[in-house]
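Q: Structure incoming, see below.
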Amino acid sequence: MIASQTARANISPATILVALADPDGATRLRAALEAAGYRVITASDGAAALRLLTAHACDLVVCDALLSDLDGFEVCRAIKQAPATRDTPVILLIDGDDELQRERALQAGADDVASAPVDRTAILTLARSQLRIGRLVTQVNNLEGVVVTLARAVEDRDHSSSGLSEKVAHWAMQLGSAIALPDDQLTPLYKAALLHDVGTLSVPVGVLAKEGRLDPAEFGQVKRHPVVSEEILGALPRSDQLLPAVRHHHERIDGAGYPDGLGGDDIPLFARIIAIADAFVAMTNDRPYRRRRSKAEAVQTLSQGAGKQWDASL
């Protein structure tokens, strides 16, 4: 699927927004970019540039720092602050080699800086580079989307578990906030909790929904799912914080868990948090083989298992 999406992206010409105060310079740059195979739209002031970005899906913005109305620095900052456009690369054109303007451009979030007057060859080179980076960002986002889709596929196989991954992620975040995890840790914790059971795609539905005890072969299949989750998520960029959490969320404080028999503080913190959230959600939701417990009963069970199955400090 990713390959086909990338192929379509390569077939369609990239759209570049050129926002220059100098109409002659804009005309020359537009001609050079169109000759290179790009689709170009133009604006002569900052407000018009932002309106065009709202109306068109642009792959790159080339913006003059000295635009009227909103200057290029303000335009760049607005682009980078808006969720819909923050991944759109911006090349800011500054006055010669002005170091102050260069610093302002980078502070505004510019992905690259070029000197005015416009050097068409230099802009073409920068455009190719930034568009290549943009395609890689798109592929990364697509890949994350595929993995989230897999997580939903896990629940689609077993309708009784629908929505449980989101609940585990919610309670993991609540617990993370309660122990004052830094904000930059909460997002990876949420992702790890949301995707922790993606490896159960490797376990037959009949085993997951079986009433009564699993036989040794069936339990062996279940015990492997954290490792499979780790293997699947290992394809994601920036997954270093996620992998230990998904691999070890079935470890126990007393060392009797799986897959590696870790115990105590050797179990990663995210995994210890997810283990508690996972158990709480499992106990407070109906399953094919048992009815849900009340939240009070679930908390009592967690308290009884503190220091043995779950981290007592959490």
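Q: Dipole size in debye (nearest 20) for the chain around its Cα centre, Lys and Arg Cβ +1, Asp and Glu Cβ -1?
A: Working: 33 positive and 41 negative charges, 271 e Å.
The dipole magnitude comes to about 1300 debye.
Q: Then there's this: I need Arg86, Arg272 ordered by Cβ neighbour count within 10 Å, fewest first. If you can, show how the numbers build up before the last one.
A: Details: Arg86 10, Arg272 22.
So the residues, fewest neighbours to most, are Arg86, Arg272.
Q: Lysines within cross-link reach of Lys210: Cα-Cα under 20 Å, excluding same-chain residues under 8 positions apart?
A: Lys223
Q: What number, rounded to the nearest 500 deg cm²/dmol, is the helix-based mean residue ellipticity at 222 nm of the chain, given -39500 (n - 2.57) per DSSP H run of at least four residues and division by all its residues? Could you put the intermediate results ahead of the total?
A: Working: 14 runs with 171 residues, N = 314.
Counting only the DSSP helices, I get -17000 deg cm²/dmol.
Q: Another question, then. Once a ≥ b ≥ c are taken as the square roots of the eigenvalues of the Cα gyration tensor of segment 72-127, is the result rounded (a/c under 1.5), prolate (a/b larger than b/c) or oblate (a/b not larger than b/c)? Could the numbers behind the result be given before it?
A: Working: a/c = 2.71, a/b = 1.41, b/c = 1.93.
Oblate is the answer for segment 72-127, as a/c is 1.5 or above yet b/c matches or exceeds a/b.
Q: Read phi for every residue in segment 112-127 and hand back ³J(HN,Hα) as whole Hz from Karplus 6.51 cos²θ - 1.76 cosθ + 1.60, θ = phi - 60°, with x for Gly and Pro.
A: Result, ordered by residue: 7, 10, 10, 8, 8, x, 5, 9, 4, 5, 5, 5, 4, 5, 5, 4 Hz.
Q: In debye, nearest 20: dipole of segment 158-305 around its Cα centre with unit charges on the Cβ of K, R (+) and D, E (-)? Don't skip to the end; give the middle numbers.
A: On the way: 16 positive and 19 negative charges, 108 e Å.
Dipole magnitude for segment 158-305 comes out near 520 debye.
Q: With a point put 7 Å past each Cα toward its Cβ, work out how far Leu100 is from Asp87 in nm, to one decimal.
A: The two pseudo-label positions are separated by 3.7 nm.
Q: Here's another thing I want to ask about it. For Gln185 and Lys210 in one chain, what is 0.36 nm times their gap in residues minus the Cα-Cα distance, to one decimal in nm? Working shown, then result.
A: On the way: separation 25, 0.36 × 25 = 9.00 nm, distance 3.60 nm.
Result: 5.4 nm gained on full extension.
Q: Let me ask something else. For the chain, how big is the tail of P(r) above 31 Å, as a whole percent of Cα pairs?
A: Working: 23301 of 49141 pairs.
More than 31 Å apart: 47 percent of the Cα pairs in the chain.
Q: Please list, ordered by chain and number, the residues whose modelled amide H lies under 5 Å from the amide H of Ala19; skip anything fewer than 5 residues away on the same chain.
A: For Ala19, the qualifying residues are Ala43, Val62, Cys63, Asp64.
Q: Still on this structure, I have one more. If the viscosity is 0.692 mPa s and the temperature 37 °C, what translational diffusion coefficient in µm²/s does Stokes-Einstein give for segment 158-305 when Rh comes from Kirkwood over Cα pairs?
A: Values: Rh = 15.7 Å.
Here the translational diffusion coefficient equals 209 µm²/s.
Q: With everything on Cα atoms, drop me the angle between helix 164-178 and the longest principal axis of the chain, reported from 0 to 90° to the nearest 10.
A: For helix 164-178, the angle is close to 80 degrees.
Q: A further question on this structure: State, to one decimal in nm, how far the label point of Asp286 lies from the label point of Ala55, with both points 7 Å from Cα in the Cβ direction.
A: 5.3
Q: Describe numerically, in nm with one decimal, the distance between label points set 7 Å from Cα along Cα→Cβ at Ser115 and at Ser68.
A: Going from the Ser115 label point to the Ser68 one covers 2.8 nm.
Q: Within 10 Å of each residue's Cβ, count the other Cβ atoms and sort Asp215, Asp71 from fewest upward. Walk me through the numbers before you get to the answer.
A: Numbers: Asp215 10, Asp71 20.
Ranking Asp215, Asp71 by Cβ neighbours within 10 Å, fewest first, gives Asp215, Asp71.
Here, each number is a calculation from the coordinates, and none is a lab measurement. A quick note: this is a predicted structure, and the numbers were derived from the prediction, not measured. FYI the Cβ positions are ideal-geometry reconstructions off the backbone, even for glycines, and counts take in every protein chain you see.
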